[in-house]
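Asks: Could you have a look at this structure, given as structure tokens, before my questions?
Derivation of every value follows stated rules applied to the coordinates shown; laboratory data play no part. Here the structure is a predicted model, which is why all the values come from computation and not from measurement. Every residue, glycine among them, receives a Cβ derived from its backbone with ideal geometry; neighbour counts consider all protein chains shown.
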Amino acid sequence: MSKKKINALKGTVGLSRRSLVAYLFLLPSLTGLIVFRIFPIIYTFIGSLFNVDYYKGGTSFVGFENYLNVLKDPIFWHSLKVTLIFNLVVNPVQITIALILAVLLNGSNRSIRIIRTLFLLPLGVSVTIASTIWNILLNPNEGLINSFLNFFGIPSQPFLTSPSQALWCIVLVASWCGIPYWMMFLLAGLQDIPVEYYEAAKIDGATNWQSFWYITLPLLKRALTFVVVADTTANFLLFAPVFILTRGGPQWSTNLLMYETYSNAFVYSDYPRALTLTSILLLMTLVIVLLELRVLQKEES
């Protein structure tokens with residue numbers, strides 16, 4: 001065997017050892033992913049194919065009968081409509097405002113760092129606590145926001161007790177929690193862009209808008225893709241604000257699919273229907289995320 005082949009063989013062995021070490025380091029994360037993510041998804045889909053006999057006990061295989069029953073239910077279609085409206089509003093709002101704030105706060109001087117810290121303060125508050133605080137602020141009788149409106153002569157608003165306002169209150173709370181979080185990722189992407197590009201554009205006479213459109217957006221595409229996908233997933237699976245603030249009401253105006261799933265499982269004890277709704281919600285989220293990735297990656301290429 002020639003010396004060249006021996007060196008190539010040694011390189012291959014060394015590479016395989018390094019790969020093995022890398023996989024060993026990834027093993028705990030992969031184990032957690034399989035146990036806490038993949039297995040529950042498989043269990044959910046399999047469970048949706050069975051029905052429970054609460055009188056005699058036991059389960060029976062019914063195939064896709066649960067899916068057909070769900071698709072015939074007007075409550076499901078209403079919850080789907082509310083979920084789509086909510087996401088069509090909250091996702092663009094969160095991503096647009098997070099991007100604007102990230103651009104404005106992308107600096108290194110002291111004042112910008114202080115303002116940036118203030119905007120990041122909501123990250124230290126959990127969604128549950130934030131929803132509880134907003135529940136107090138939006139109280140139609142004694143809430144601070146209505147007191148503030150009354151001070152300026154504006155009549156009190158029903159907020160969470162109004163079918164026409166409750167969903168927008170959920171959008172407000174979700175945006176208050178989500179915008180600083182997504183801003184942090186976009187800010188990290190902005191700070192990774194070399195300053196030399198902007199200096200060259202400035203020398204060539206480019207305006208701030210031209211620099212943003214032709215430099216910032218293209219180089220921020222990967223971070224923006226992650227934020228769009230993650231934000232879509234988080235908002236389709238949003239639960240805590242609805243549970244704390246409205247419980248799906250009033251008049252089912254905030255009955256998102258995630259809360260409808262919870263109600264079927266833990267209020268009505270209809271576990272086959274809950275598993276079916278979960279499977280539909282996961283499949284719908286997966287399809288939308290794949291479409292987003294296809295569009296954004298196509299634009300990136």
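Asks: How high is the relative contact order of the stretch 74-300, in percent, with contacts defined as C-alpha pairs under 8 Å that are six or more residues apart?
Replies: Relative contact order, the stretch 74-300: 27 percent.
Asks: Another question about this same structure. Test of understanding: in a Gaussian network model of the chain with alpha carbons linked when under 10 Å, which of Phe212, Phe39, Phe239 would top the mean-square fluctuation ranking?
Replies: Phe39
Asks: Would you kindly state how much longer the chain becomes between Arg222 and Tyr268 on full extension, computed as 0.36 nm times their sequence separation minus their alpha carbon distance, in nm to one decimal?
Replies: Here the segment from Arg222 to Tyr268 would lengthen by 12.3 nm.
Asks: Cβ neighbours within 10 Å, averaged per peptide: list 124-134, 192-202, 26-36, 169-179 in order, most packed at the top.
Replies: 169-179, 124-134, 192-202, 26-36
Asks: Are there any helices in the chain, counted as whole DSSP H runs, that stretch 24 Å or more along their axis by Cα and score at least 1.0 on average by Kyte-Doolittle, and if so which?
Replies: 74-104, 166-191, 271-300
Asks: Turning to a different aspect of this structure: State whether the stretch 133-243 is rounded, prolate or oblate according to the following rule on the C-alpha gyration tensor (a ≥ b ≥ c being the square roots of its eigenvalues): a/c under 1.5 gives rounded; otherwise a/b larger than b/c gives prolate, and the remaining case gives oblate.
Replies: Cα axes put the stretch 133-243 in the prolate bin.
Asks: Rounded, prolate or oblate: which one fits the stretch 61-127, using the alpha carbon gyration tensor with axes a ≥ b ≥ c (rounded when a/c is under 1.5, else prolate when a/b beats b/c, else oblate)?
Replies: Prolate is the answer for the stretch 61-127, as a/c is 1.5 or above and a/b outweighs b/c.
Asks: Calculated from DSSP H runs of 4 or more alone, at -39500 (n - 2.57) each and per residue, what is the 222 nm mean residue ellipticity of the chain, nearest 500?
Replies: -22500 deg cm²/dmol
Asks: Sticking to Cα atoms, compute the Rg of the stretch 100-171 to one decimal and its Dmax as the biggest Cα-Cα distance, whole number, in Å.
Replies: 16.2, 45
Asks: Treating cross-link reach as a plain straight distance, find the aspartates and glutamates whose alpha-carbon is under 19 Å from the alpha-carbon of Lys202, omitting any fewer than eight places away in the same chain.
Replies: Asp192
Asks: What does the extension gain come out to for Tyr214 and Leu290, with contour length at 0.36 nm per residue minus their alpha carbon separation?
Replies: Using 0.36 nm per residue and subtracting the Cα-Cα distance, I get 24.8 nm.
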